[in-house]
Amino acid sequence: MNPISDFTEDDVWEFIKLYNLPYCPLYDEGYMRMGCIGCPMGNRRMQEAQFKRWPHMRKYYVNAFDEMLRVRKKRGLTNKMNWNTGEDVMRWWLGYDKKSNPDQMSIEDLEELML
């Protein structure tokens, strides 16, 4: 049973306020998504603000991208995006080097990353 499955976002906030329930204070700072720092489903402005606030998380992404490139090279997989470093991937992740909408990954972008 999921009693709030049909709640709208407004319903959730009304319930929280009505019962004076605690909630993550990041919502009061304008965050709309919790648990995903640098989420590609957000927008570039929010990604940059998050990485400024939590710079160690940016380093984790770059390290993971470096490892992804290393493994792909070891497996002999193609590098259609011509990424040389984790920083190259990070620029793409943040939308600086994409031709598509810079504020959101396309399905094609995500598929390319996962190959």
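The values are calculated or read from the model by the stated rules, or taken from the named source; none is laboratory data. These numbers were taken from a predicted model, which means no experiment stands behind them. Don't worry about glycine lacking a Cβ; one is built from the backbone with ideal geometry, like all the others, and counts go over all protein chains shown.
Quick notes on this one:
- Looking only at the stretch 24-44, and only at residues there that are of a type in the set (A, V, I, L, M, F, W, C) and closer than 16 Å to Y61 by Cβ, the one that is nearest to the chain's Cα centre (by Cα): C39
- The set of residues from the stretch 62-73 being modelled with pLDDT of 95 or more and of a type outside the set (A, V, I, L, M, F, W, C) comprises N63, D66, E67, R70.
- Restricting attention to the stretch 29-56, the residues that are over 23 Å from M81 (Cα atoms) and in a helix (DSSP H, G or I) add up to 10.
- Under the condition of being outside any helix (DSSP H, G or I) and more than 23 Å from Q50 (Cα to Cα), the residues counted in the stretch 1-28 number 11.
- Among residues of the stretch 57-86, those that are surrounded by 15 or more Cβ atoms within 10 Å (Cβ to Cβ) and not in a loop (DSSP other than H, G, I, E, B), counted: 8
- Residues located in the stretch 45-55, provided they are more than 9 Å from the chain's Cα centre (by Cα) and over 22 Å from V12 (Cβ atoms): R45, E48, A49, Q50, F51, K52, R53, W54, P55
- Some residue of the stretch 91-102 being modelled with pLDDT of 95 or more and within 18 Å of the chain's Cα centre (by Cα): no
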